[in-house]
Amino acid sequence: MKSTLQFSILLAATMALGPLAIDAYLPAFPVIADDLGVSQNQVSLTLSLYVFGLALGLIIGGPLSDRYGRAPVLLTGLGIYAISAIAIGQSTDVQWMIVWRLIQAFGGGWIAVSVPALVRDTARGRDAARLFSLIALIMFIAPAIAPSLGSILLWIGSWPLIFYFLSVYAVGVGVLMWFRLLRHQPRKTEAKEPVSKLLTNYLAVLRHPMAWRHVVIQSLAFSTVMLFVTHASFMYQTWFGLNNAQFSIAFASGVVCMGVLGTLNRRLLLSYSPVLLLKIALITQAGALLVMNLFLGINSQSLWAFLPMMILVGGTIGAIAPNNQSAYLEHFGRLSGTASALIGASQFIVAGTVSTASTWIVDGSIQRIALAMFVCSLLATLSGLSLANHPAHSDEPEAS
């Protein structure tokens, strides 16, 4: 148990680099805008474009991790992330900040793709799902504390200090990962494919009959959450009139619920399959959003009718993400890095596109935001209901 917990903590600490890069500098937006002489909307581009840079890093990093091993790709990604974080802190205009954020996101993609692949290299089936659930449970702390951490660093110094902290954190994670885990991993000994054919392995993954269903589930479920994150400040502060402290509590409540459902999911995996629990979580999320839309139709100003459903919607990700990932990767062994990259890149591209488009479509209407979330969740649920409760093992296609 101790080794499993240590393994999970290491991987969770590594995965936390993603939410920290997204959420930690949110409180600094006004300060960055003033310092660089731009609008907050231009600063927001550094967040929106980060998602697409992350997807590109996943697409390229996945096949490379299958060919060269997890350690080289993960450590290189950590190096890119750390160096670019320092460069972001040194930026004197928003254009260079955007460039370095894209580079940081690219390194973040190499980091993110390595963690699910390491889990797949270590465990299978329910054991893998329980590992994913434990990692998610530990990692939920990052998005909960990231804005507060950013505020503290902003109070201590200036906004570049946030990115200097991210750089130091990435270096620390790299050192721990190497000495505690990566140097003990077996080296890649099998024959390596030509680099020119690495990307064709995506075709091998896509030929699997179940791959697209899991990709759709992950992308749309993540889009549901991204729609909330994108409009959370508007919904809670502008629409319902919460102050900064109340907003932080309301936002963190969803993260706490995610941790609670993640813990429950981990226990239930001892008796039930990941796919069955995935279906239950998807139905719960869609049901909560349906009730939310009905409440908003009756009284759009009632926070206490809206908040419990919103907390439940965010919480269900604690069961949807680990169960879907483990069920998906169960179909892939040798190509687990490529498979992880495909599902990760797809979720970021789709969610980034949906959240960006929503800023034009919703037009200051909380009802439209809730309806868009429900549509995404409903489509994810319909895809999930088509899955077999007990998928076959080791039916991986041949690489191209």
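The values are calculated or read from the model by the stated rules, or taken from the named source; none is laboratory data. Keep in mind it's a predicted model, so treat the numbers as computed, not measured. With ideal geometry, Cβ positions are generated from the backbone for all residues, glycine too; neighbour counts draw on all protein chains shown. For the accessible areas, the whole protein counts, side chains as well, though only heavy atoms, and no ligand, DNA or RNA atoms are used. Shrake-Rupley method; radii C 1.70, N 1.55, O 1.52, S 1.80 Å.
Structural remarks
- Residues being open to solvent by 10 Å² or more (accessible area, probe 1.4 Å), more than 20 Å from Phe163 (Cα to Cα) and small (Gly, Ala, Ser) - total across the stretch 2-38: 1
- Considering the stretch 145-159, the residues that are in a helix (DSSP H, G or I) and closer than 17 Å to Ser91 by Cβ include one that is modelled with the highest pLDDT, namely Leu153.
- Cβ pairs under 7 Å, 6+ apart, first in the stretch 296-313 and more than 16 Å from Ala232 (Cβ to Cβ), second part of a helix (DSSP H, G or I) and of a type in the set (Val, Ile, Thr): Ser300/Ile366
- Filter pass, Asp121 being of a type outside the set (Phe, Trp, Tyr) and either over 23 Å from Val175 (Cβ atoms) or at pLDDT 90 or above (or both): no
- Subset tally (residues that are crowded, with 22+ Cβ neighbours inside 10 Å and either on the phi > 0 side of the Ramachandran plot or charged (D, E, K, R) (or both)) for the stretch 302-335: 1
- In the stretch 346-382, the residues that are among the small types (Gly, Ala, Ser) and either open to solvent by 10 Å² or more (accessible area, probe 1.4 Å) or under 16 Å from the mean Cα position of the chain (by Cα) (or both): Ser346, Ala351, Gly352, Ser355, Ala357, Gly364, Ser365, Ala372
- One residue stands out in the stretch 241-257 among those that are open to solvent by 50 Å² or more (accessible area, probe 1.4 Å) and in contact (Cβ under 8 Å) with a residue 60 or more places away in the chain: the one that is nearest to Trp304 (Cα to Cα), namely Ser248.
- Helices (runs of 4 or more DSSP H) lying entirely in the stretch 305-400 (those with 2 or more residues that are modelled with pLDDT under 75 and of a type outside the set (Val, Ile, Thr)): 336-361
- Among the residues of the stretch 152-174, those identified as farther than 18 Å from Ala87 by Cα and either touching a helix residue (DSSP H, G or I) at 6+ places or on another chain (Cβ under 7 Å) or in contact (Cβ under 8 Å) with a residue 60 or more places away in the chain (or both) are Val173, Gly174.
- Qualifying residue in the stretch 49-59 (condition: within 21 Å of Ala105 (Cβ to Cβ), free of Cβ contacts under 8 Å to residues at least 12 places away in the same chain and surrounded by fewer than 21 Cβ atoms within 10 Å (Cβ to Cβ)): no
- Considering only residues in the stretch 60-100 that are open to solvent by 10 Å² or more (accessible area, probe 1.4 Å) and aromatic (Phe, Trp, Tyr), the one that is nearest to Ile343 (Cα to Cα) turns out to be Tyr68.
- Candidates Ala191, Ala128, Ala142, Ala136 - the one that is at pLDDT below 80, among the aliphatic types (A, V, I, L, M) and more than 28 Å from Val215 (Cβ to Cβ): Ala191
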